[in-house]
Amino acid sequence: MPQLKHWQTLMMESSLTQAELLNQLIDEAEAVVIGIGAGMSAATGFTYVGKRFTDAFPDFITKYRLFDMLQASLFDFEDEQEYWAFQSRFSLLNFFDQPAGQAYIDLRFKMTDKNYHVITTNADNAFYASEFDMDKVFRIQGEYGLWQCSDHCHQQTYQDEALIRQMAREQSDMKIPANLVPHCPKCGVVLEVNKRNEEKGMVEDGHFHEQKERYEQFLKENKDKKVLFLEIGVGHTTPQFIKHPFQQMTEENEKALYVTMNQKDYFIPHAIRPQTIRIDEDIAEVIHTISK
Ligand SMILES: [Zn+2]
């Protein structure tokens, strides 16, 4: 094994571009924990605004004056038939029919043979579509392709892609036929998309806990190593899942380094500033460069 350089030596090599620096940091790391937020999917073209949104939901935009797909996905629709008219189209676009994204492919390529694990707040299907090893990915905020009881009466999720396609096909005037509305097999209330909400949290079943355990195991195994916490496109909507734990774990390990790829300049706690690098260039371009 080659002698590891000190992070600081690399950080002071000011002749390096951001991509060159990142590339070397990944190569020098003994473990890489990658945290992915909405900015990564947006960077690779899965945007929640613009044509991708207006092409898929012109009727909903006209009726409710919706301004982006995130707001739309959280909107309190008129009834269950309208909710599922929206969600069926949304989950085809952002999950079942989601194509591979170049930035994800590039990242996977760069991480080949590396000791890494991913945690993401994205509920889309970008990692699967880009052929990541899903045993290395923890989707902490649920998945658009899964359903849960809207009363959270039991901890089990469901999936029925064929029914989603039927809902999308057979809807009219922004409503699916009443007989296609899915119901909880235990208590009978309507099912909803598997996601977290402020009051009730999220339905977390065996599949979720397996992902969580694999992630926690990775953190434990690599706890005292030279760990690179690489945060890509993570904003400040839910800092408790990636941003704050990454900062905390960096502070607890003097060999760790925290790299945040973001065009916004978020506050960095004083204690970890010497262990922090901010990359503010275009996410997709930087990742593409390091994948070569
Ligand atoms: Zn139920």
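The values are calculated or read from the model by the stated rules, or taken from the named source; none is laboratory data. Worth saying up front: this structure is predicted, and the values here are computed from it rather than measured. Here Cβ is always computed from backbone atoms with ideal geometry, including for glycine, and neighbour counts include all displayed protein chains. With ligands, DNA and RNA removed, areas are computed over all heavy atoms of the protein, side chains included. Shrake-Rupley method; radii C 1.70, N 1.55, O 1.52, S 1.80 Å.
Tabulated values for the structure
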read-out: Conditions (1) open to solvent by 20 Å² or more (accessible area, probe 1.4 Å); (2) within 20 Å of Leu25 (Cα to Cα); (3) among the aromatic types (Phe, Trp, Tyr); number of the one not met by Phe246; value: (1)
read-out: Test: residue in region 136-156 that is without any contact (Cβ under 8 Å) to a residue 24 or more places away in the chain, of a type in the set (Asp, Glu) and open to solvent by less than 50 Å² (accessible area, probe 1.4 Å); value: no
read-out: Unique match (being open to solvent by 90 Å² or more (accessible area, probe 1.4 Å), out of contact with any Gly (no Cβ under 7 Å at 6 or more places or on another chain) and not in a helix (DSSP H, G or I)) among Glu199, Glu213, Glu192; value: Glu199
read-out: Of the criteria (1) touching a Ser or Thr at 6+ places or on another chain (Cβ under 7 Å); (2) within 23 Å of Val227 (Cα to Cα), which one Val32 fails; value: (1)
read-out: Number of the exception - Lys225 against (1) closer than 17 Å to Val33 by Cβ; (2) part of a loop (DSSP other than H, G, I, E, B); (3) within 19 Å of the chain's Cα centre (by Cα); value: (3)
read-out: Hits in region 167-184 - residues which are under 29 Å from the mean Cα position of the chain (by Cα) and without any contact (Cβ under 8 Å) to a residue 40 or more places away in the chain; value: Arg169, His183, Cys184
read-out: Scope region 31-49; condition assigned to a loop (DSSP other than H, G, I, E, B) and either over 20 Å from the mean Cα position of the chain (by Cα) or touching a residue at least 24 places away in the same chain (Cβ under 8 Å) (or both); matching residues; value: Gly37, Thr44, Gly45, Phe46
read-out: Which numbered condition Asp79 misses (of (1) farther than 29 Å from His183 by Cα; (2) surrounded by fewer than 20 Cβ atoms within 10 Å (Cβ to Cβ)); value: (1)
read-out: Test: residue in region 232-241 that is surrounded by 19 or more Cβ atoms within 10 Å (Cβ to Cβ), within 20 Å of Leu16 (Cβ to Cβ) and either modelled with pLDDT of 95 or more or over 17 Å from the mean Cα position of the chain (by Cα) (or both); value: yes
read-out: Condition met for Lys186 (within 16 Å of the ligand (Cβ to nearest atom) and either farther than 18 Å from Ala43 by Cα or open to solvent by 20 Å² or more (accessible area, probe 1.4 Å) (or both)); value: yes
read-out: Leading residue by the ranking (surrounded by the fewest Cβ atoms within 10 Å (Cβ to Cβ)) among those in region 251-265 that are polar (S, T, N, Q) and within 21 Å of the chain's Cα centre (by Cα); value: Gln263
read-out: Complete set of residues in region 249-269 that are in contact with a Gly (Cβ under 9 Å, 6 or more places away or on another chain) and hydrophobic (A, V, I, L, M, F, W, C); value: Met261
read-out: Evaluation of Ala178 against (1) open to solvent by 60 Å² or more (accessible area, probe 1.4 Å); (2) among the hydrophobic types (A, V, I, L, M, F, W, C); (3) within 16 Å of the ligand (Cβ to nearest atom) (one fails), failing number; value: (3)
